[in-house]
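All remarks here apply to the structure that follows.
Each value in this text was obtained by applying a stated rule to the coordinates, not by laboratory testing. Small disclaimer: the values here were computed from a predicted structure and weren't measured. Neighbour counts run over all protein chains shown; Cβ positions are idealised from the backbone, glycine included.
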């Protein structure tokens with residue numbers, strides 16, 4: 001039986017970036033790519049105050065979710081939970097706090113991107129009510 005651990009969730013601050021990036025890099029299925037530098041994440045967080053979340057045990061980051069919107073659609077990026085803390089409902093807690101924050105905005109639909117080769121991630125999202133969008137293909141271009 002797992003011991004009860006006090007996990008706190010609060011607003012993500014750019015001071016959390018290094019710990020969050022280390023967590024993203026160690027998890028299979030979470031891709032850190034262009035647009036994920038500290039400066040770019042700082043801009044994203046500033047444009048979307050109060051929406052991104054971080055979970056901590058004492059001062060250690062054990063979960064993170066970037067969250068924001070463009071005024072029309074909400075987006076959640078890089079939701080990740082340290083493997084030592086998975087299976088405790090922490091991913092769901094982070095997700096719920098992001099969605100609660102987005103409910104306070106003008107958006108009515110939230111989108112995510114999950115890699116096709118990430119079956120655990122896809123199952124997490126399905127289990128939490130998300131649907132795969134048939135016919136949608138992710139596309140991008142570097143500027």
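Miscellaneous remarks
Every residue, every condition in (1) touching a helix residue (DSSP H, G or I) at 6+ places or on another chain (Cβ under 9 Å); (2) under 16 Å from residue 98 (Cβ atoms); (3) buried (at least 19 other Cβ atoms within 10 Å of the Cβ), yes or no:
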residue	(1), (2), (3)
14	yes, no, no
18	yes, no, no
21	yes, no, no
32	yes, no, no
35	yes, no, no
40	no, no, no
43	no, no, no
47	no, yes, no
50	yes, yes, no
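- Pair list, Cβ < 7 Å and 6+ apart or interchain, from the stretch 116-143 residues that are in contact (Cβ under 8 Å) with a residue 24 or more places away in the chain and on the phi < 0 side of the Ramachandran plot to residues that are surrounded by fewer than 10 Cβ atoms within 10 Å (Cβ to Cβ) and in a loop (DSSP other than H, G, I, E, B): 142/34
- So residue 98, is it free of Cβ contacts under 8 Å to residues at least 60 places away in the same chain, closer than 21 Å to residue 129 by Cβ, surrounded by 14 or more Cβ atoms within 10 Å (Cβ to Cβ) and in contact with a helix residue (DSSP H, G or I) (Cβ under 7 Å, 6 or more places away or on another chain): no
- When every residue of the stretch 77-86 is checked against the conditions, none turns out to be in a loop (DSSP other than H, G, I, E, B), over 12 Å from the mean Cα position of the chain (by Cα) and loosely packed, with under 11 Cβ neighbours inside 10 Å.
- Any hit, the stretch 41-54, residues being at positive phi, more than 16 Å from the chain's Cα centre (by Cα) and assigned to a loop (DSSP other than H, G, I, E, B): no
- Residue 108 being outside any loop (DSSP other than H, G, I, E, B) and surrounded by 10 or more Cβ atoms within 10 Å (Cβ to Cβ): no
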